[in-house]
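S.K.: Sharing a structure with you now.
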Amino acid sequence: MLKQLIYLIGLLFLAATATAQTKCTELGQNPGTAFPVCGTDTFGIASVAICGNRQVPGPCTNVPLTDKNPYWYKFTCFASGKLAFVITPNTISDDYDWQIFDVTNRDPEDLYTDASLFVACNWSGDGGLTGASSLGSSLRLCDGLGVPRFSSMPDLIQGHNYLLLVSHFSDDSQSGYSLSFGGGTASITDPVNPSLSKARAACDGTRISVKLNKRMKCSSVAADGSDFSISPAIAPIIGASGINCSNAFDTDSVVITLNGILPPGNYTVRIEKGTDGNNLVDNCGRGIPAGQTLPVTVFPLTPTLMDSLTKIACAPTKLQLVFNDPMYCNSIAPDGSDFIVTGPNPVSVSAAAGICSTDGFTSIIEVTLSAPIRSAGNYQLQLKAGSDGNTVINECGVETLDGSFLPFTAKDTVSALFAFDIRFGCERDTINFLHDGRNGVNSWKWKFDESSTRSTQAAQVIYSSFGTKQATLIVSNGTCTDTASATMLLDSHVTAAFESTAVVCPGDPASFTDQSSGPVVSWAWTFGNGNVSTLQAPTPQLYPSSNIMQDIPIQLIVANNAGCTDTVTKTIRVVGNCYIAIPKAFSPNGDGLNDFLYPTNAYKARDLMFRVFNRSGQMIFESRDWTNKWDGSYKGNPQDPGTYVWILNYTNIESGKRFELKGNTVLIR
């Protein structure tokens with residue numbers, strides 16, 4: 001336990017002193033300059049440089065883990081399976097840690113911020129051999145003494161790219177290690193044999209660029225150029241260098257330097273065994289077969305023609321001019337005076353610039369217009385000598401001819417505004433939509449409510465539901481696009497509805513309130529008392545008194561201007577008595593006569609509370625609904641005959657006055 005605590009304190013000290021570490025500058029010590037791995041390689045690191053300490057995200061969270069004293073290795077999976085490898089310290093007691101990341105289609109630097117790139121790791125605190133093997137039990141072995149040194153073998157995915165970090169995390173010893181791969185089922189050995197791909201001569205005839213079919217070891221390029229020969233050997237080869245070899249271990253391009261100028265003509269580049277004892281070899285040590293050749297042509301110095309314009313945008317404010325050869329960026333007049341645009345409408349050029357590489361060349365020039373071209377027609381982009389005294393100049397120093405031009409066609413801008421006509425119906429409405437198709441529109445994409453779509457210039461939609469509807473149209477003429485929307489209110493449907501007095505007491509009027517919806521223009525009321533009305537707000541109605549309670553049907557028919565109608569019928573209850581009374585006695589014997597105790601005719605009471613108490617003062621019944629009647633029992637048990645006290649509280653709905661009535665009733669059995 002004490003040993004573990006000491007270890008953790010040491011790790012925390014290392015994390016706290018991260019800022020004291022120096023930046024890693026050697027090849028292989030940063031993700032972007034990782035050693036390329038072949039499955040047959042064993043890497044030997046004699047000495048570990050002290051640097052790094054950037055935090056590495058992953059599953060281990062007890063202590064911030066970093067790439068302290070790192071070396072990085074990159075490899076591609078060519079056949080899916082499990083990866084096995086072993087790291088063997090030169091000093092066997094040294095503690096080396098490692099973590100693998102999947103960086104497919106990602107910037108290698110992303111692994112410092114994106115924990116999802118994690119694949120597997122082992123950050124055990126013990127010294128000795130470490131790696132991934134069939135003996136491992138987990139892909140995530142985190143910091144701590146006593147943690148197993150070997151993790152499970154991770155599953156690699158064919159076509160994915162990976163980075164392996166080997167860190168001397170817990171020790172600043174510079175003693176190195178060896179790294180070997182083998183024992184797994186995944187293949188990280190590139191099956192493609194190396195070969196020459198193509199060659200291109202510089203315009204001055206002093207250099208030839210050779211493109212390779214894959215990346216080769218920079219160390220296999222003989223600096224004296226003896227890996228290559230050229231025929232006819234008019235100018236001997238005196239040197240060769242791999243492109244970007246100062247920043248990486250491998251390259252896919254080699255520049256051959258000649259001791260003289262090759263005149264225009266056809267030549268052959270041949271691969272040879274160099275003075276370094278080999279020809280070019282790939283990361284698995286396989287060389288390009290000696291004697292393999294490539295044709296190369298040295299062209300006469302000629303102007304580079306304007307090749308093409310990229311697709312013209314809608315209402316373009318820039319034109320992109322493409323050349324087949326690199327052009328000097330500093331030969332382009334920034335004010336755009338190298339170019340003029342002619343056509344059916346005036347167009348002015350305001351600026352021009354190349355999309356320039358670090359060496360000052362571009363194959364694309366962006367010509368900026370002072371205003372967008374909004375009118376259709378055939379135009380020309382013409383080259384002329386600008387304010388700098390020249391047109392544009394290619395890498396060989398030759399100007400493109402003054403007066404060169406390229407034609408292009410611009411399209412009109414388009415409008416998606418559309419017209420619609422609503423035909424109202426009683427059960428469904430029909431809307432006809434139409435776009436005018438102006439300015440060459442040839443594509444229509446309609447979107448209506450309920451996910452309905454159309455792709456025609458005109459469209460008809462039938463709605464069986466009513467309310468607010470939405471229509472959206474996207475139009476295009478192949479270049480320009482526009483979108484428009486419209487909202488329609490479908491309110492032809494009418495629905496009859498009303499509210500009325502629910503219970504009518506003798507001598508009281510019944511009132512009726514229209515609650516119909518839709519564009520109603522007429523109302524037809526039938527009140528069941530012999531009266532009718534065509535008013536939206538009819539006058540209150542009186543009903544004759546009777547000792548018999550009656551349910552009277554009330555009917556409302558509504559209509560709109562289109563003749564659509566709807567009918568609703570409700571009943572009101574006309575009662576003979578609204579005087580609240582409580583019986584002096586009741587007999588709950590089930591004979592249908594006076595079986596219950598309750599406040600009768602409480603039609604005009606609200607906020608009612610009716611309670612019954614026995615002779616001991618215990619409440620044995622309570623109700624807020626006057627139609628909820630006491631049957632003479634308590635908790636299911638019939639109560640004894642005798643006198644019971646009741647209390648009734650309520651508010652009169654007409655006067656708003658609050659009442660409290662008390663009395664007693666005799667229960668008879």
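S.K.: Checking the structure you have, find out if any residue of region 134-152 is β-branched (Val, Ile, Thr) and touching a residue at least 40 places away in the same chain (Cβ under 8 Å).
M.R.: no
S.K.: Ok, one more. Give me a count of the residues in region 281-291 that are loosely packed, with under 15 Cβ neighbours inside 10 Å and either outside any loop (DSSP other than H, G, I, E, B) or of a type in the set (A, V, I, L, M, F, W, C) (or both).
M.R.: Of the residues in region 281-291, 1 are loosely packed, with under 15 Cβ neighbours inside 10 Å and either outside any loop (DSSP other than H, G, I, E, B) or of a type in the set (A, V, I, L, M, F, W, C) (or both).
S.K.: Additional query: Answer yes if at least one residue in region 534-551 is within 30 Å of Ser375 (Cβ to Cβ) and surrounded by fewer than 17 Cβ atoms within 10 Å (Cβ to Cβ), and no otherwise.
M.R.: No, that holds for no residue.
S.K.: Among the residues of region 236-275, how many are more than 22 Å from Ala202 (Cβ to Cβ) and either touching a Phe, Trp or Tyr at 6+ places or on another chain (Cβ under 7 Å) or not in a loop (DSSP other than H, G, I, E, B) (or both)?
M.R.: Within region 236-275, residues that are more than 22 Å from Ala202 (Cβ to Cβ) and either touching a Phe, Trp or Tyr at 6+ places or on another chain (Cβ under 7 Å) or not in a loop (DSSP other than H, G, I, E, B) (or both) number 2.
S.K.: Among the residues of region 41-83, which ones are at pLDDT below 90, β-branched (Val, Ile, Thr) and part of a loop (DSSP other than H, G, I, E, B)?
M.R.: Once the filter is applied, which keeps residues that are at pLDDT below 90, β-branched (Val, Ile, Thr) and part of a loop (DSSP other than H, G, I, E, B), region 41-83 yields Val48, Ile50, Thr61, Val63.
S.K.: Note down all Cβ pairs under 8 Å where the first residue falls in region 257-278 and is more than 13 Å from Ser231 (Cα to Cα) and in the same structural domain as Gly205 (by TED's automatic domain parsing), the second is aromatic (Phe, Trp, Tyr) and surrounded by 12 or more Cβ atoms within 10 Å (Cβ to Cβ), and they're at least six residues apart or on different chains.
M.R.: Matching pairs, first to second residue: Pro264/Phe299.
S.K.: Name the residue that is modelled with the lowest pLDDT, counting only residues in region 13-40 that are surrounded by fewer than 12 Cβ atoms within 10 Å (Cβ to Cβ) and in a loop (DSSP other than H, G, I, E, B).
M.R.: Residue satisfying both the conditions and the ranking: Thr17.
S.K.: Looking only at region 464-489, filter to residues that are surrounded by fewer than 18 Cβ atoms within 10 Å (Cβ to Cβ) and of a type in the set (A, V, I, L, M, F, W, C); which one of those is nearest to the chain's Cα centre (by Cα)?
M.R.: Step by step, filter region 464-489, then rank; the result is Ile474.
S.K.: Here is a follow-up. Quick check on my filter: what residues within region 265-279 are surrounded by 14 or more Cβ atoms within 10 Å (Cβ to Cβ) and over 17 Å from Ser209 (Cα atoms)?
M.R.: Lys273, Gly274, Asp276, Asn278
S.K.: Inside region 107-151, can you point out the residues that are more than 15 Å from Cys60 (Cα to Cα) and either within 33 Å of the chain's Cα centre (by Cα) or β-branched (Val, Ile, Thr) (or both)?
M.R.: Selection gives Asp107, Pro108, Glu109, Asp110, Thr130.
S.K.: Only one of (1) in contact with a Ser or Thr (Cβ under 6 Å, 6 or more places away or on another chain); (2) under 30 Å from Pro264 (Cβ atoms); (3) surrounded by 14 or more Cβ atoms within 10 Å (Cβ to Cβ) fails for Gln320. Which number is that?
M.R.: (2)
S.K.: Between Asn278, Asn324, which is in contact with a strand residue (DSSP E or B) (Cβ under 7 Å, 6 or more places away or on another chain) and assigned to a loop (DSSP other than H, G, I, E, B)?
M.R.: Exactly one of Asn278, Asn324 is in contact with a strand residue (DSSP E or B) (Cβ under 7 Å, 6 or more places away or on another chain) and assigned to a loop (DSSP other than H, G, I, E, B), namely Asn278.
S.K.: Output yes when any residue across region 647-663 is part of a loop (DSSP other than H, G, I, E, B), among the aliphatic types (A, V, I, L, M), at pLDDT below 95 and not assigned by TED's automatic domain parsing to the domain that holds Pro538, and no when none is.
M.R.: Yes, some residue in region 647-663 is part of a loop (DSSP other than H, G, I, E, B), among the aliphatic types (A, V, I, L, M), at pLDDT below 95 and not assigned by TED's automatic domain parsing to the domain that holds Pro538.
S.K.: Then there is this: Take the residues in region 84-124 that are among the β-branched types (Val, Ile, Thr) and modelled with pLDDT of 95 or more; name whichever of them is surrounded by the fewest Cβ atoms within 10 Å (Cβ to Cβ).
M.R.: Thr104
S.K.: Let me ask you something else. Can you name every one of the strands (runs of 3 or more DSSP E) wholly within region 343-441 that holds 1 or more residues which are within 42 Å of the chain's Cα centre (by Cα), surrounded by 14 or more Cβ atoms within 10 Å (Cβ to Cβ) and of a type in the set (D, E, K, R)?
M.R.: Answer list for region 343-441: 361-369, 429-434.
S.K.: Find the residue count for region 205-228, including only residues that are of a type in the set (S, T, N, Q) and over 16 Å from Val298 (Cβ atoms).
M.R.: So the answer is 4.
S.K.: A further question follows. Phe323 versus (1) assigned by TED's automatic domain parsing to the domain that holds Ser404; (2) in contact with a Lys or Arg (Cβ under 8 Å, 6 or more places away or on another chain); (3) of a type in the set (Phe, Trp, Tyr): which is the lone unmet condition?
M.R.: (2)
S.K.: What residue, of Gln541, Gln470, is in the same structural domain as Thr567 (by TED's automatic domain parsing) and either at negative phi or not small (Gly, Ala, Ser) (or both)?
M.R.: Within the list Gln541, Gln470, the selection yields Gln541.
S.K.: Would you confirm whether or not region 620-632 contains a residue that is outside any strand (DSSP E or B), modelled with pLDDT of 95 or more, out of contact with any Leu (no Cβ under 7 Å at 6 or more places or on another chain) and farther than 30 Å from Asp508 by Cα?
M.R.: Yes, some residue in region 620-632 is outside any strand (DSSP E or B), modelled with pLDDT of 95 or more, out of contact with any Leu (no Cβ under 7 Å at 6 or more places or on another chain) and farther than 30 Å from Asp508 by Cα.
S.K.: Take the residues in region 629-658 that are within 18 Å of Lys604 (Cα to Cα) and among the hydroxyl-bearing types (Ser, Thr, Tyr); name whichever of them is surrounded by the most Cβ atoms within 10 Å (Cβ to Cβ).
M.R.: Checking each candidate, the answer is Tyr650.
S.K.: In the list Ile355, Ile332, which residue meets the criterion of being out of contact with any Phe, Trp or Tyr (no Cβ under 6 Å at 6 or more places or on another chain), of a type in the set (A, V, I, L, M), within 28 Å of Ser209 (Cα to Cα) and without any contact (Cβ under 8 Å) to a residue 12 or more places away in the chain?
M.R.: Sole residue among the options that is out of contact with any Phe, Trp or Tyr (no Cβ under 6 Å at 6 or more places or on another chain), of a type in the set (A, V, I, L, M), within 28 Å of Ser209 (Cα to Cα) and without any contact (Cβ under 8 Å) to a residue 12 or more places away in the chain: Ile355.
S.K.: State the number of residues belonging to region 223-243 that are crowded, with 20+ Cβ neighbours inside 10 Å and over 26 Å from Thr76 (Cβ atoms).
M.R.: 5
S.K.: Also, quick follow-up: How many residues does region 158-175 hold that are surrounded by fewer than 22 Cβ atoms within 10 Å (Cβ to Cβ) and closer than 30 Å to Leu280 by Cβ?
M.R.: So the count comes out to 4.
The values are calculated or read from the model by the stated rules, or taken from the named source; none is laboratory data. It should be emphasised that the depicted structure is a prediction, and the values quoted were computed from it without experimental measurement. No Cβ is skipped: glycine too gets one built from the backbone with ideal geometry, and neighbour counts run over all protein chains shown.
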